[in-house]
Each structure stands twice: as structure tokens, then as C-alpha cells.
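One structure is given here, and the rest of the page talks about it.
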Amino acid sequence: MAVGTAPGKVILLGEHAVVYGQPAIAVPVAQVQATAIVEDAPAGTGITVFAADLGRRFRLSEGQARSRAAAALARTVRNTLERLGRTADLDLEITVSSTIPIGSGLGSGAAVATAVVRALVQHLGGYLTSREVSDLVYQTELLHHGTPSGIDNTVIAFGKPVYFIKDRCDEVFWPGRPFWLAIGDTGIPSSTREVVADVRKGWEQDRASYDAHFAAIGALVARAREALIRGDLHELGQLMVANQEELRAIGVSSEALDRLIAAAMDAGALGAKLSGSGRGGNMIALVDEATRDAVAAALQRAGARSVIVTRVS
Ligand code: MEV
């Protein structure tokens, strides 16, 4: 039996613009995680996947026909076996579970796929680097999201803060000073695929204005990388606020996100913004040890369905 796990993630700055070649920064969130267990199954039973949270079981051979989630799991298993030089002619039971809310911007799809890759590699006695795991999970992300930038699979497979530019750079880095994030969930599910597609429609209709917003976001991210390395959390907070203004301008914020962001700022957060694709899902607030409890309580009072406080170092 082998167990693979993977953390959730939040995007600190740069979502959406990252799909268009701008940099973005993301950090892992260890408080939530996906787990996959791979065990040998009786001879002749083939590969079965059991999605424990959903209470659903399917054979690998029928995964494609079930749902997008089942197809994504089936693709992850097939690609991993192929990468390891194995055929799907094995008898395995793969059990998948996750504490990462689906459709919340915390990277549940990429984390589940990463956990499955890791458990399979371990069970079959292979070895893959974090980059190879990330590349395999990217293939699954294509099915989930259509045109993913690749940032989710990268931060989740590396399990460290990353500065990321699509197809050009994925740099793991260490903040000059640890910091805290309060992550507030609007409780409104959001489809990354749909929001990314809507932004693309907007961009196709008015490229000049969207490109200007994306470039402005890219410049904020570059400054945020420097501020993070210096440990200047006040500047980081201001850059997050400016990033949120740009996200609002491209139409991916919402009344629920704006309400939680305002509550966090009123309670003393250094900065706050939506995180991930937006519309629903999660927002993040930059806090320190003195403000984190007050900000978490304010988020709850403002209607957050759940609040996670995580330390990034
Ligand atoms: C989703 O976590 C982040 C987006 O920028 C999409 C992507 O990067 O693929 C909205």
C-alpha cells in the first residue's frame, strides 16, 4: 500500500494575467490536503478508483464516460502509468479523498491529481522529480480548466512559494520574513474554466484595455516578489490591494468577495484580495500575529463559510 498527499494553494498575486504571460506568485496551504491510497486488488479486477468523499467508484476503463472529475482521475492514472513505462493491465484499488473544497480557488483538482501521481509512483517503485510530477498534473489541468497557466500544478507539486511565468520560469523562493494569511471562503462555488473563458471573451472584445490591466498586474507581481524577499509586508499588502482593483476592473470580483475583503481591511489586514479565478471561492488577507485573530473573526462575522489561517515561510 502507498499513500500520496498534496497541499492546497492560494495565488498571492497575478491570477488571470498569468494565463496571458504575466508573472504570478502562489503559496501552498498545508491546512487542507488531498490524499490518495494505492493498494493491490484481487487478480483480474483491473484498476478501480474510489472517490471516498463522493462515495463513487468506477473502473479506469469507464472513467472517461462518467464525469469530468472521473475523466480527470482516469487521465492522471493513465499518464502516470505511461510515464513509468507500465501498462494499465494492473490490478489496483486507488482511493482518493480531499479536505480542499472544490471550486474554491484552493487548487483541489491539481492537488488530487498530485496525490494520485505520488501514490502510484511510490506503489510501483518508480521515482519522479517534483517538476516531472508537475508536468504530469498539468496534463490533467488541461482537462479541468481548458487553458491553464500551469501555476496550480507547479506550486502544489513543489510545495513551496513560487514565482511563476507560463512556459518561462518557475522559481521557488523563500520570503525574507514569514507572514500569515487569513483565507476566507465565500461559500460560492466558482468554475475556473468558466471564469477564465469569460475573461478570454472580454480580452477578445477589447484587447488593448485587458492587456493594459494584465501588464499592470504583472508589474505589481514583480514588485511583490522584491517586497517578499525583503520581508516588507506593508508594501506587499498595498500591492495586493492594487491587484484587487485590477481584478475588479476585469470583472472577476463579486459582491461577496468585496464584502469579505472590506471586512478584513477594516479589521487591520495589511492587504486583501480575491484569490484564484474569482466570482466566488476564496479571498486572502495579509495579517500578522497581532491582527490575525481579529481579521479571522471579522471574516466570519461578514459571512465567510470558513476561515483558514496559514503561516507562509
Ligand atoms: C486559477 O487558480 C488561477 C487562474 O489564473 C487560472 C490559471 O492560472 O490557470 C485564474
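Suppose we keep only residues that are among the basic types (K, R) and over 20 Å from the mean Cα position of the chain (by Cα) within region 254-312. Which one would you say is nearest to P28 (Cα to Cα)?
R292
I'm told G268 meets every condition in (1) within 16 Å of the ligand (Cβ to nearest atom); (2) part of a loop (DSSP other than H, G, I, E, B) except one. Can you identify the failing condition by its number?
The single condition G268 does not satisfy is (1).
Take the residues in region 1-36 that are surrounded by fewer than 20 Cβ atoms within 10 Å (Cβ to Cβ) and hydrophobic (A, V, I, L, M, F, W, C), then tell me which one is nearest to the chain's Cα centre (by Cα).
A30
Do you know which of the residues in region 124-142 that are of a type outside the set (D, E) and open to solvent by 40 Å² or more (accessible area, probe 1.4 Å) is nearest to K201 (Cα to Cα)?
So the residue we want is L142.
Which ones in region 271-301 are more than 27 Å from G146 (Cβ to Cβ) and either surrounded by fewer than 24 Cβ atoms within 10 Å (Cβ to Cβ) or within 16 Å of the ligand (Cβ to nearest atom) (or both)?
Answer for region 271-301, where residues must be more than 27 Å from G146 (Cβ to Cβ) and either surrounded by fewer than 24 Cβ atoms within 10 Å (Cβ to Cβ) or within 16 Å of the ligand (Cβ to nearest atom) (or both): D288, E289, A290, T291, R292, D293, A294, A296, A297, Q300, R301.
Of the residues V121, V112, which is within 16 Å of the ligand (Cβ to nearest atom) and open to solvent by less than 40 Å² (accessible area, probe 1.4 Å)?
Selected residue: V112, the only one of V121, V112 that is within 16 Å of the ligand (Cβ to nearest atom) and open to solvent by less than 40 Å² (accessible area, probe 1.4 Å).
Would you be able to say whether some residue in region 36-46 is in contact with a helix residue (DSSP H, G or I) (Cβ under 8 Å, 6 or more places away or on another chain) and either over 30 Å from A88 (Cβ atoms) or modelled with pLDDT under 95 (or both)?
yes
Looking at G218, G237, which one is at pLDDT 95 or above, open to solvent by less than 30 Å² (accessible area, probe 1.4 Å), in contact with a Gly (Cβ under 9 Å, 6 or more places away or on another chain) and closer than 19 Å to L181 by Cβ?
G237 is the lone residue from the list that is at pLDDT 95 or above, open to solvent by less than 30 Å² (accessible area, probe 1.4 Å), in contact with a Gly (Cβ under 9 Å, 6 or more places away or on another chain) and closer than 19 Å to L181 by Cβ.
Which condition does D135 not pass, out of (1) within 23 Å of Q31 (Cα to Cα); (2) modelled with pLDDT of 95 or more; (3) not basic (K, R), if it passes all the others?
Here D135 clears every test but (1).
Tally time: how many residues in region 162-201 are more than 11 Å from the ligand (Cβ to nearest atom) and over 16 Å from V19 (Cα atoms)?
So the count comes out to 19.
For region 20-31, state whether one or more residues are among the small types (G, A, S) and out of contact with any Leu (no Cβ under 8 Å at 6 or more places or on another chain).
yes
Which count do you get for residues in region 246-258 that are away from the ligand (no atom under 16 Å from the Cβ) and over 18 Å from I308 (Cβ atoms)?
Count: 2.
Condition check ((1) open to solvent by less than 40 Å² (accessible area, probe 1.4 Å); (2) modelled with pLDDT of 95 or more; (3) of a type outside the set (D, E, K, R)) across all residues:
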residue	(1), (2), (3)
D152	yes, yes, no
V155	yes, yes, yes
I165	yes, yes, yes
E171	no, no, no
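Looking at (1) over 30 Å from S190 (Cβ atoms); (2) aliphatic (A, V, I, L, M); (3) surrounded by 15 or more Cβ atoms within 10 Å (Cβ to Cβ), which is the only condition L73 fails?
It is condition (1) that L73 fails.
In region 202-235, how many are within 16 Å of the ligand (Cβ to nearest atom) and under 30 Å from A290 (Cα atoms)?
Number satisfying all stated conditions: 4.
The values are calculated or read from the model by the stated rules, or taken from the named source; none is laboratory data. The model shown is predicted, which means the values in this text are computed figures rather than measured ones. Cβ coordinates were reconstructed from backbone atoms using ideal geometry, including for glycine residues, and neighbour counts include every protein chain displayed. Only protein heavy atoms, including side chains, enter the accessible area calculation; ligands, DNA and RNA are left aside. Shrake-Rupley method; radii C 1.70, N 1.55, O 1.52, S 1.80 Å.
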